[in-house]
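What follows is one structure encoded as structure tokens, with my remarks underneath.
Throughout, read-outs are computed from the coordinates displayed, never taken from laboratory work. Not measured: the values here are computed from a predicted model. Note that each Cβ is placed from the backbone with ideal geometry, even for glycine, and that neighbours are counted across all protein chains shown.
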């Protein structure tokens, strides 16, 4: 029998709300495209509705440098019929899928082949998050409208509001995995087989989504939730059935993700990881004074209106109403153990974020924590905990009418808020120093007053009290989500003339930049750019940069326009000092800001100028492909036909890494490493057709593993069709039990 699924008003609203909130971007009234802000190609940017503030609708500029620029490169490769294993347009070539932040193998990333693809990808994330949370809450026997409230709050959570780079990609799949755990537990208790689809799909999607740190932390919460369900099963036989379902579904999810995992773990040993290695984050926290901004997110103003030390690290917020309801939710009797687990997770996560006593010991002891920026990547997990607890609190109030948990929670909130604001004042931070801070804090005060009033009124019917509190927490969530969007630009213009000049004249050569065309955006346009802003980065390329191009270069920020060593030469001076080394790796053009002048004896020829950049040509750049004594007919970076009068060697200015193979006239030939990091293959006399290709090692086994994982998921999902005693599953089952 088919799965029964009724759409219903809550699900329809969860589908429509993100579209309504982001309608100004869909119709083009506002423009959230990072290309306008982060590409270094904008001729002008029209300010948004908050015109006096810098147009930063999200915190992390990697929404442009990695998510958009590299994601679009992957999408264009897929549309061209290529698996996006390699990116020839960053540095001197680098793994694309193995880099992970590009989310190259993640299907929603492929939307970026379209002009506003990232907008629709993020809308899809919100809708998946909202619907998955709603179904999870129904499975927890929460009523439809309390479940809808929790789903709306997570659909517009503080991570989605403040971050837009690859950090958010795995977030929608956390409630999906938790839903899968609940379904597996429910079916184990009812002696029903199968139904591991949501665990397998959520886990595989989290891994393909391109941010392994967030996927790992979310997976830990899912693991803790699973253990709770395992140890509370009514009988040993039921526990074994549940454990088997989880094991099969989890293994299937990991197996499906084998291609991206193999690409990632193949790249890691050859990559520079910067702070994501050793004990880089053991003693790095947010200042405890910033806890107030978890409650009142815009107390210091909009994004980057306040201290950079806060905005450069924070990963999300909660809001007062959500915290109050979640605190009340801890005191409920139903699902008691789960509530304690969720509250404990929130407490530990916030302790690790703000450096509570013992945080350093935990970070040093728990696997992987010392190389993860927990303050940035934990919020999604503690926010889903708050949303579940808040929905449970509303359901408790609706069904039992007990007010005392809300009274306790409101009092705790007021005390916490007063203490947090006092700490901020003691830190001498500019509280309420601008319009955003003033108006948003006044609105937050209104939300707090509404929560306290709905709690204090003695004669209010329980259902009305619950409805009022639900309205407050949803309005708060939507309001704070909207604030960054209002600073998005109304539009602008990109310097397409410069891009077109480069695409027309560059050929297989490369560019270097001193600012215009920000690093990685060469990948966006299909222009080979030696600069990068990325992690991980091949360590061989970093070593080469240090030796030959820029001794003071930052390993992950080789961006040309900014140096991190105070004693280093200015970028232009450094480039001129190493001009011949740049030419030796195929750099044909230097891009500089229009206000930078290059002296006539520098050996650089001006060839193009616009309002955004000046383009200079280097003398005698090395060709991308070269074979002494041979005539080359180059059809692409991967294919060339050589006519040689005598045996020779074809040299290719592409980074040599395990996974590269070459064929000559269909036969495989070895690739020799030359000039420290590049490739060379031997050529015989006569005509030779040479083709290069890159596939991460062991990928054949990864494909087989993925196929097995898909088959296992398919068999587990549809096994119930062949089992007579199995009953059809319905997402509305949780709702029917409560109404």
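The angle between the Cα long axis of helix 173-189 and the longest principal axis of the Cα atoms of the chain comes to about 50 degrees, rounded to the nearest 10. Between the helical axis of 144-155 and the longest alpha-carbon principal axis of the chain there is an angle of about 30 degrees. Sorted fewest first by neighbouring Cβ atoms within 10 angstrom, 320, 644, 475, 464 come out as 464, 475, 644, 320. Residues 638, 295 in ascending order of nearby Cβ atoms (within 10 Å, fewest first): 638, 295. Where does the Debye-calculated log10 I(q)/I(0) of the stretch 70-120 sit at q = 0.33 Å⁻¹, using only Cα point scatterers of equal weight, no solvent? For the stretch 70-120 at q = 0.33 Å⁻¹, log10 I(q)/I(0) is -1.29.
When all alpha-carbon pairs of the chain are counted, what percent fall beyond 47 Å? So the pairs more than 47 Å apart make up 24 percent of the total in the chain.
Given in Å, the Rg to one decimal and the Dmax to the nearest whole number for the Cα atoms of the stretch 625-694 are 10.9, 31. Taking each residue as 0.36 nm, the span from residue 543 to residue 243 lengthens on full extension beyond its C-alpha to C-alpha distance by 103.2 nm.
Taking every C-alpha pair closer than 8 Å and separated by at least 6 residues, the mean separation divided by the residue count of the stretch 1-100 gives a relative contact order of 14 percent.
Ranked from largest, the principal axis spans of the Cα set of the stretch 494-617 equal 33, 32, 24 Å. Does anyone have the angle between helix 236-256 and the longest principal axis of the chain? Alpha-carbon axes, 0 to 90°, nearest 10? So the inclination is approximately 20 degrees. Distance between the modelled labels on residue 428 and residue 23, one decimal in nanometres: 4.8 nm (7 Å Cα→Cβ projection). I want to check the label-to-label distance for residue 456 and residue 601. Put each point 7 Å from Cα in the C-beta direction and report it in nm to one decimal. Label-label distance for residue 456 and residue 601, simple model: 8.0 nm.
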